[in-house]
Every structure is written in C-alpha cells, then in structure tokens.
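Data first, discussion second: the structure below is written as structure tokens.
The values are calculated or read from the model by the stated rules, or taken from the named source; none is laboratory data. Predicted, not measured: the structure shown is a model, and the values here were computed from it. Note that each Cβ is placed from the backbone with ideal geometry, even for glycine, and that neighbours are counted across all protein chains shown.
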Amino acid sequence: MSSSLSNRFKVSTTFQQPQSVQSMFIGHHATVHCHECSRAMVPRVVIYYGQPLKSICPFCGATFTKFQSGLGRFINRFHTSKPSLAVLGQLLLMAVCSLLLFVMSDLNIVSDQIGLAAFYGAVIFGVTFLAELLFQGIEQLASKLSHESKYYWLTLITIGMLIAINYSELTSYIGGFFFIIVLRGLVVGLICFR
Ligand SMILES: [Zn+2]
C-alpha cells in the first residue's frame, strides 16, 4: 500500500516536472534585455519588508519592472494613472459651454431652467477641471522625481487629517476638498469610459 503510494508519487513528479517546465519556456528565453544597458540579464527582485518592490538589472541597476503593492492597486482603482491633456481639454470645454448657456439664460435667450442646470454644470466641470489640474500636477511631479504618487496622496491625506483635527472649523473645507478629488475621479472616469 505504502509502496504503491510512494511509487505513484515518484512517477507523477518525475513525469510532470520536466514537462511543465519545458512547456512554460518553449519559445521563450529566461533572460530579458535591459532597457538601459541593453544587456541580456535575469532581473533581480528588490524586496522591502517582505513585499516585492521592483526588479533591477544586475549590471547597471536600472529598474526593469515595478511591482504594485496591495495599497497601490487599491488606490489605482480610483485614478487614471496616465495624465492626459485631452481630459483636461474636455473638462474645460464643458465648463465653458455650461458657462455660455448660463450667460445665455441671463440674457433670456434660453429658459431659466436650462440656465440653472448650466450653472450647476459650470460649477461641477469648473471645479473638476481645477481638481484634475492639481491631480495631474502632483502625478507629474511624482513621476519627474521618480517617486510613487501614492506617497504624495497619503502625505496629503495625512496633512488634511492633521489640520482637520487641530482646526475643527476647517474640517468641512478639507472634507470638501477630498470630496472634489473623488468627484474628479468619477467625472474623468466617465469621460474616459465614453
Ligand atoms: Zn542594465
């Protein structure tokens, strides 16, 4: 009984392992080319507190791949990581169009109801435009200094919370600020989805 079990185990391991390893690497090399020094290499993984942070070239130290932490993946769900001028342009266009409609209702060219809707539209798109401008500014700064922008956002949230604790009269403004940042994500997400 025990011998047949160990036999089966032996058979399965000796047959399966080479097969799966072979099929995994058929037509693939285990080495990659470094983006910086162009040498063929096996990237080395940099671990920070048990989490894989990035892989680097063993020759020149250039970053090959960045691995996302769980927190990074969570935050990335809420923002589009690619800064795009098209989104900014569309937001500005919608804000200006809404503002024009509002002015037209003021001059009695269109009805007051459209004017009211246009007023809210102008406020929402205008505020979202400013939030997107700030957002892309921070993302650009982070990528220029080759930091991860999530730390900037965490710092901003921490500062906001500290201010809210120390100056309770500012709490609603800070809440509003972060609400606008989240609203920006929703509006920009809708624009990109469309
Ligand atoms: Zn290299």
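Per the listing 159, 124, the residue uniquely of a type in the set (A, V, I, L, M, F, W, C), closer than 20 Å to residue 90 by Cα and more than 17 Å from the chain's Cα centre (by Cα) is 124. For region 179-194, a residue qualifies if it is surrounded by 14 or more Cβ atoms within 10 Å (Cβ to Cβ) and in contact with a helix residue (DSSP H, G or I) (Cβ under 8 Å, 6 or more places away or on another chain), and the qualifying residues are 180, 181, 183, 184, 187, 188, 191.
When residue 96 is tested against the conditions (1) at pLDDT 90 or above; (2) within 16 Å of the ligand (Cβ to nearest atom), the lone failure is (2).
For region 80-93, filtered to residues that are surrounded by 14 or more Cβ atoms within 10 Å (Cβ to Cβ) and part of a helix (DSSP H, G or I), the residue that is modelled with the lowest pLDDT is 87.
Among residues of region 170-185 that are farther than 18 Å from residue 88 by Cβ, those with a Cβ under 7 angstrom from a residue that is surrounded by 14 or more Cβ atoms within 10 Å (Cβ to Cβ) and of a type in the set (A, V, I, L, M), sequence gap 6+ or separate chain, pair up as 170/163; 170/164; 171/164; 174/163; 174/164.
With the structure loaded, tell me whether residue 160 is within 28 Å of residue 53 (Cα to Cα), assigned to a helix (DSSP H, G or I) and modelled with pLDDT of 85 or more or whether it fails that test. Yes, satisfied.
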